[in-house]
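To start, the structure itself, in structure tokens.
The values are calculated or read from the model by the stated rules, or taken from the named source; none is laboratory data. Quick caveat: nothing in here was measured; it's all calculated off a predicted structure. For the accessible areas, the whole protein counts, side chains as well, though only heavy atoms, and no ligand, DNA or RNA atoms are used. Shrake-Rupley method; radii C 1.70, N 1.55, O 1.52, S 1.80 Å.
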Amino acid sequence: IPLVAKAIRSFSTGTGPGPDGLRADLLKALLGNDEDDGILPLYRDLVQLLVDGLAPAHLRPWLGGGQLIGIGKVDPQGNPIPLDQDARPIVMGVTWRKVAFKCTLALDKQSIRDRLLPTQLAVGVSCGAEVMVHAARHWIHQNRQRNNYVLLQKDIRNAFNELLPQEFLQDAQQHPPASARFAAYCYGSPTNLVYQGTVERCSRGQQGCPIMGPLFCLTRQRMVEEARRLSSRSPSDFKSVFADNAFSGDNLDDGFEFFHHEFQFAHKYGLHVDPSKFILYLLAADQ
């Protein structure tokens, strides 16, 4: 019960609803300041039903779907890109789905950290993006005179929205056990996304869903390990990842061979690397 109450209270005031219109503000208001004994057990029972994957089957496309919106992007110069040219798809799922995954992720936090650390810094690490940047800067300083070394900055296009469910559900079964059944319930069949009043069918992951960040990171970890097993060279000298963004540092030949295998494996997982956002840093110092 305390876990459910904490999950409901964690929503920011004014958090947008999914297509059902139910806002987290209402759930918090009904809960009250004293965690009223009358309603909290009902909240708990509903969340338990969801995380066990026992909600009615005809609700799956809606509990697993949401309201689809587009968030604007910027070009390499920092200028806004018109939404009709490129946009990041975000799904605002129903509030109870968010509550359920907030609860399960609290239970799965340690098992996910054990699987991803120390390379993946997007889950369970405070200020993980800053940690990645400082680690990369430190590695460059340590190797800046080695003129056969490079640092590669990599990016994956719309990663959470393109990853194949059959891949990330495989990792859900192995690493976040509390979240696995509800993840399979939500993503095991096509979902309904409401976009500008029209219902669209979707068979991919969704950015905006609390579980997708951890599941993407777990699947990306497996993809990288699979690519590494094919490489005849030693593992990267330096690797640091934050969700779909990554740095890898190595001598040029080793780094190129590993990236070649990683590039090939991306399509198997439904992912597409974005060469336009790649940056290759040469560590030749003054040379």
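Quick one: how many Å² of I279 are accessible to a 1.4 Å probe, rounded to 10?
70 Å²
Which pairs in the list K6/K73; K98/K239; K102/K154; K28/K102; K109/K239 are over 24 Å apart, alpha-carbon to alpha-carbon? All intermediate terms of the calculation are to be shown ahead of the outcome.
Values: K6/K73 33 Å; K98/K239 32 Å; K102/K154 29 Å; K28/K102 15 Å; K109/K239 22 Å.
Too far apart for the 24 Å limit: K6/K73; K98/K239; K102/K154.
Find the Rg to Rh ratio for region 1-98, where Rh is the Kirkwood radius over alpha-carbon pairs and Rg uses the same atoms.
Numbers: Rg = 17.2 Å, Rh = 15.6 Å.
Rounded to two decimals, Rg/Rh equals 1.10.
Over the residues of region 96-143, compute the C-alpha Rg and express it relative to 2.2 N^0.38 Å. Before the final figure, lay out the partial values.
Numbers: Rg = 14.5 Å, N = 48, 2.2 N^0.38 = 9.6 Å.
Normalised Rg, Cα atoms only: 1.51.
Can you tell me how region 160-240 classifies by the Cα gyration tensor, rounded, prolate or oblate, using a/c under 1.5 as the rounded cut?
It is prolate, given that a/c is not under 1.5 and a/b is the larger ratio.
Please calculate how many Å² of accessible area the chain carries per residue, with a 1.4 Å probe and no DNA, RNA or ligand atoms counted. Working shown, then result.
Numbers: 14510 Å² over 287 residues.
Dividing the accessible area of the chain by its residue count gives 51 Å².
Taking the chain as the reference, fit the longest principal axis to its C-alpha atoms, fit the long axis of helix 128-143 to the helix C-alpha atoms, and give the angle between the two in degrees, 0 to 90, nearest 10.
10 degrees
Beyond 30 Å, how much of the Cα-Cα pair distribution for the chain remains, as a whole percent? List each step's numbers first, then the result.
Numbers: 15346 of 41041 pairs.
Within the chain, distances greater than 30 Å cover 37 percent of Cα pairs.
Taking the full set of protein chains and a 1.4 angstrom probe, give the accessible area of R201 in square angstrom, rounded to the nearest 10.
150 Å²
Classify region 226-274 as rounded, prolate or oblate, taking a ≥ b ≥ c as the square roots of the eigenvalues of its Cα gyration tensor: rounded when a/c is under 1.5, otherwise prolate if a/b is larger than b/c and oblate if not.
Working: a/c = 2.02, a/b = 1.26, b/c = 1.61.
It is oblate, given that a/c is not under 1.5 and a/b is not larger than b/c.
Hey, if we sort H267, H260 by accessible area with the 1.4 Å probe, largest down, what's the order? Working shown, then result.
Details: H267 110, H260 85 Å².
Descending order: H267, H260.
Taking the Kirkwood radius as the inverse of the mean 1/r across Cα pairs, report the Rg/Rh of region 120-208.
Numbers: Rg = 18.8 Å, Rh = 16.5 Å.
Rounded to two decimals, Rg/Rh equals 1.14.
I'd like the accessible area for W139: 1.4 Å probe, protein heavy atoms, all chains in place, Å² to the nearest 10.
20 Å²
Any aspartates and glutamates with Cα under 12 Å of the K268 Cα? List them, leaving off those in the same chain fewer than 8 positions away.
The reachable aspartates and glutamates, counting only those whose Cα sits under 12 Å from K268, are E162, E167, E226.
Name the most mobile residue of S276, S203, S189, meaning the one with the largest mean-square fluctuation, in a Gaussian network model of the chain with Cα contacts below 10 Å.
For the chain, modelled as a Gaussian network with Cα springs under 10 Å, the answer is S276.
Could you tell me how many degrees, from 0 to 90 and to the nearest 10, lie between the Cα long axis of helix 95-116 and the main elongation axis, the longest principal axis, of the Cα atoms of the chain?
That helix lies at roughly 40 degrees to the long axis.
Roughly to the nearest percent, how much of the accessible area of the chain is carbon and sulfur, given a 1.4 Å probe? If you can, show how the numbers build up before the last one.
Details: 7900 of 14510 Å².
Carbon with sulfur: 54 percent of the solvent-accessible area.
Shape verdict for region 152-193, please, from the Cα gyration tensor: rounded (a/c under 1.5), prolate (a/b greater than b/c) or oblate. Walk me through the intermediate numbers first.
Numbers: a/c = 2.99, a/b = 1.45, b/c = 2.07.
It comes out oblate by the Cα gyration axes.
On a 0 to 90° scale, report how tilted helix 165-174 is relative to the longest principal axis of the chain, with both axes built from alpha carbons and the result rounded to the nearest 10.
80 degrees
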